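The values are calculated or read from the model by the stated rules, or taken from the named source; none is laboratory data. These numbers were taken from a predicted model, which means no experiment stands behind them. No Cβ is skipped: glycine too gets one built from the backbone with ideal geometry, and neighbour counts run over all protein chains shown. Heavy atoms of the whole protein, side chains included, go into the accessibility calculation; ligands, DNA and RNA do not. Shrake-Rupley method; radii C 1.70, N 1.55, O 1.52, S 1.80 Å.
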Amino acid sequence: MSEAKIYPVFDAIKATTHVTKEQYQAMYDRSLNDADAFWAEQAEEHLDWYQPWDTVSKYDFHTADIKWFAGGKLNVAYNCIDRHLPARAEQTAIIWEGDDPNASQHITYQTLHDKVCQLANAMRSLGIVKGDRVCLYMPMVPEAVYAMLACARIGAIHSVVFGGFSPDALRGRINDSECKLVITADEGLRGAKPIPLKKNVDKACEGTPSVEKILVCQVTGNKVGWQDDRDVWYHDLVDFQETSCEPEQMDAEDPLFILYTSGSTGTPKGVMHTTGGYLLTATMTFKYIFDYQEGEVYWCTADVGWITGHTYLTYGPLSNGATTVVFEGVPTYPDASRFWQVVDKHKVNIFYTAPTALRALMGAGDEYLETTSRASLRILGTVGEPINPEAWEWYFHKVGNEQCPIVDTWWQTETGGAMIVPLPGATPAKPGSASLPFFGVELALLDDEGNVLQGEASGNLAIPRSWPGQMRGVYNNPKRFHEAYFAMYPGYYFTGDGCRRDADGYYWITGRVDDVINVSGHRMGTAEVESALVLHEAVAEAAVVGYPHDIKGQGIYAYVTLMAGEDYSDALKAELIKHVRKEIGPVATPDVIHWAPGLPKTRSGKIMRRILRKIAEDDYGSLGDTSTLADPSVVDDLISRR
Ligand code: WTA
């Protein structure tokens, strides 16, 4: 691989940065060599506590027991709202930008406080108490953020489910964590298209014994189904509540939220994060990674349904007292200049998005940039998948006018916050590399046998020590937590990603090494899509792999074997695609269905995915050894059907 270009740190950023290159090295060294002291200082500096902790950290990766700041007491909503009121009551906390370009709203910290307290009181009136699970299935409206914070205020555990998941997928998540309350909206709006959220919730809740109430926010005002003894309008209940609500004093290790994410096997896992360590990671990483300066306007384009929408749309910015933009719409409505129009309209200083969006906008053409100046931008960021150097260069030269550093942030739902990232005032950037570890993050590259690789190397990315924002468990399933992350390489948290370290010690994520694919920055388990396909009566067997996709990064490629007597027709292909959308949701829509009357299997019956990946990539020259297949002729047959 040829060595990449290096972009030096901007002098203008150096002048005001929180962390210079020298400071980065000193802080990083201390974060590893005197870890507990380092984290104790950070926790005192960045968060307000009711009561200090007994121990800073205690963890064992062999047993998957992890604790940070145990015994310490704090409240996340207090830290994100109340503590800012003396200085910032009238500062804008949230700028809401509607799907309709003429709709926007500024919400001050005082208003945020009042709205969150009202909702918290309303939830208490519905019987929600500390430790109860509340499912949020919301569009990108301010109430989504209020709901997260209201849960945090009273100690309820939120489980946000992305609005692009189907009723079936929603039901599975509600049942897994036995949610008592669902907060949703009549409909969402994306690109002028209504998303039938309440209708989906109604369907999901046909089989959710734990759900007692559904709180419905009115967004579009269109008619929805109603069950009087169960459904409550948000405006009927919330708007009449008191605007103060005493925050619950939570232990640092009390759960804050559950967020379901795909793994290589089984159903999605309920990744559980707790209060103190998570908030510290969110707060610190936000401040240092975006080099946030007092008064700046920050925009993260992620949906609240993903971890990025938790850490970098809600908790990180609000804990720092920043102004955070909540955008209801999509990047291409009314046209592909929307992001840049919004940047100019709200004078956005820090902008954080996903490579897939950049590739789509780059493909739409530079004319969509020409109507805007984007002069307010100071820092750009990306997340969710490796960014290809072409998209990086376009982002840097065109979007940022060569004035803004780009922070390429590598992290995961499980890590709570960014782990590998260039700091704007400290780290020269190499396009396509997430670069260097954040404070307290120790990285290891392991070969398949678990040997540690030194120097320049490629291997499996693993982490030998804990950090505050690390997930604490799979909800209700400690065994699965251990198996999924700590069993593969004893003593390490295994990320599931492959990675290369170059001669300068920069890290280059190469993508998943397990059966997870990354579609438009969204994680999808191949096993989940396979299970959905085989639920269809015509399908005997299915094998799903990822393949390179120009815009999405990876696309979903499904090989399908039909039941005897079924007809391999185009109509059935379309039906199967519809079926997967119904089972999991539009996020899992297969890009390609490839008919496979036979799948390449070993004599012991194991599907050889390596071969399926090669065929999906159109790379027949390097199929490798096919002689161990039970029936080598299936490979030629598959190629002939491409
Ligand atoms: C991938 C999203 C390369 C990676 C925050 C990881 C990335 C998975 C990057 C987690 C990046 C995320 N460069 N790859 N900057 N960021 N990934 O849980 O494969 O939705 O394991 O968290 O996305 O996806 P998740």
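Taking the alpha carbon gyration tensor of the range 557-603, multiplying each eigenvalue by 5 and rooting it gives semi-axes of 20, 14, 9 Å, largest first. Taking N as the residue count of the range 1-95, its C-alpha radius of gyration divided by 2.2 N^0.38 Å amounts to 1.51. The Rg/Rh ratio for the range 3-158 is 1.05, where Rg is the radius of gyration of the alpha carbons and Rh is the Kirkwood radius. Express the Stokes-Einstein translational diffusion coefficient of the range 491-642 in µm² s⁻¹, to the nearest whole number, given a Kirkwood radius over alpha-carbon pairs, 25 °C and a viscosity of 0.890 mPa s. The diffusion coefficient I find is 148 µm²/s.
The three principal axes of the Cα atoms in the range 112-179 give end-to-end lengths of 34, 24, 15 Å, sorted in falling order. Split the accessible area of the range 197-291 by element, probe 1.4 Å, and carbon with sulfur accounts for 45%. Debye-formula intensities of the range 216-374, expressed as log10 I(q)/I(0) at q = 0.10, 0.15 Å⁻¹, are -0.55, -1.11 (one equal scatterer per alpha-carbon, no solvent). For the range 1-160, the carbon plus sulfur part of the accessible surface works out to 50%, probe radius 1.4 Å. With the cut-off at 18 Å, report for the range 77-160 the share of all Cα pairs above it, as a whole percent. Across the range 77-160, Cα pairs with separations above 18 Å total 44 percent. Computed over the Cα atoms of the range 52-100, what is the ratio Rg over Rh, Rh following Kirkwood? Taking Rh as the inverse mean 1/r over Cα pairs, Rg/Rh reads 1.26. Sequence-distant contacts, meaning Cα pairs under 8 Å at least 6 residues apart, place the relative contact order of the chain at 13 percent. For a 4.7 Å threshold on C-beta separation, the list of partnerless cysteines in the chain reads Cys80, Cys151, Cys205, Cys217, Cys300, Cys404, Cys499.
About the centre of its Cα atoms, the chain shows a dipole size close to 320 debye [charges on the beta carbon of Lys, Arg (+1) and Asp, Glu (-1) only; nearest 20 debye]. Normalised by the number of residues in the range 361-455, the average gap of Cα pairs under 8 Å and 6 or more apart makes the relative contact order 22 percent. Bridge orientation summary for the chain: considering DSSP beta bridges with both residues in this region, about 60 percent are antiparallel.
Of the solvent-accessible surface of the range 575-630, computed with a 1.4 Å probe and all protein chains present, 50% belongs to carbon and sulfur. With contacts taken as Cα pairs under 8 Å at a separation of at least 6 residues, the range 446-517 carries a relative contact order of 33 percent. Here Lys582 is the anchor, and the aspartates and glutamates within straight C-alpha reach of less than 12 Å, apart from those fewer than 8 places off in the same chain, are Asp168. Positive end of the dipole of the range 476-556 (Cβ unit charges, origin at the Cα centre): among Gly496, Met524, Ile551, the Cα lying farthest that way belongs to Gly496. Panel note: the C-alpha atoms of the chain, placed on their principal axes, show extents of 74, 63, 56 Å (largest first). Dipole check for the range 484-587: with +1 at the C-beta of Lys and Arg, -1 at the C-beta of Asp and Glu, and the Cα centre as origin, the magnitude is about 360 Debye. Computed on the Cα atoms alone, the convex hull of the range 82-231 gives a volume of 104 cubic angstrom per residue.
Ignoring ligands, DNA and RNA, what accessible area per residue does the range 261-404 give at 1.4 Å, in Å²? Could the numbers behind the result be given before it?
On the way: 3680 Å² over 144 residues.
Accessible area per residue, the range 261-404: 26 Å².
Of the GluC sites (Glu not before Pro) found in the range 29-101, the ones in coil according to DSSP and having at most 11 other Cβ atoms within 10 Å of their Cβ are Glu90.
Taking 27 Å as the limit for the C-alpha separation, the pairs Lys199/Lys345; Lys21/Lys345; Lys573/Lys601 exceed it in the case of Lys199/Lys345; Lys21/Lys345. Over the C-alpha atoms of the range 552-642, the Rg to Rh ratio, Rh being the Kirkwood estimate, stands at 0.98.
Ordering Val348, Val232, Ala15 by the projection of their Cα atoms onto the charge dipole of the chain, which places +1 on the Cβ of Lys and Arg and -1 on the Cβ of Asp and Glu, puts Val232 at the extreme positive end.
When the gyration tensor of the range 160-207 is built from Cα positions, what are the square roots of 5 times its three eigenvalues, in whole Å, from largest to smallest?
Semi-axis lengths for the range 160-207 are 20, 10, 9 Å.
Rounded to whole Å, the principal axis extents of the Cα atoms in the range 407-506 read 42, 28, 19, largest first. With runs of 4+ DSSP H residues as the only contributors, calculate the mean residue ellipticity of the chain at 222 nm using -39,500 (n - 2.57) per run, divided by the residue total and rounded to the nearest 500. The helix contribution divided over the chain gives -8000 deg cm²/dmol.
Under the combined filter of DSSP loop state and at most 16 neighbouring Cβ atoms within 10 Å, the range 239-337 retains these GluC sites (Glu not before Pro): Glu242, Glu294. When only alpha carbons of the range 264-328 are considered, Rg and Dmax amount to 13.1, 45 Å.
Per the Debye formula on identical point scatterers at the alpha carbon atoms of the range 179-239, with no solvent, log10 I(q)/I(0) at q = 0.12, 0.25 Å⁻¹ is -0.27, -1.07. Accessible area per residue for the range 1-114 is 51 Å², calculated with a 1.4 Å probe on protein heavy atoms, without ligands, DNA or RNA. Here the range 339-382 is treated as a sphere whose radius is the Kirkwood value from Cα pairs; by Stokes-Einstein at 10 °C and 1.306 mPa s it diffuses with a coefficient of 146 µm²/s.
Averaging Cα coordinates gives a centre for the range 613-642 and one for the range 492-554; these two points are 20 Å apart. Separation of the range 25-63 and the range 257-319, taken as the distance between their Cα centroids, equals 19 angstrom. Here is the P(r) of the range 319-402: all C-alpha pair distances, binned every 10 Å from 0, give 17, 55, 26, 2 in whole percents. Residue by residue, the range 235-250 carries 3J(HN,Hα) couplings of 5, 6, 9, 6, 5, 9, 7, 4, 9, 10, 7, 4, x, 6, 7, 9 Hz when phi is fed to the Karplus relation 6.51 cos²θ - 1.76 cosθ + 1.60 (θ = phi - 60°); x denotes Gly or Pro. Ignoring aspartates and glutamates fewer than eight residues from Lys347 along the same chain, the ones with Cα atoms less than 14 angstrom from its Cα are Glu97, Glu296.
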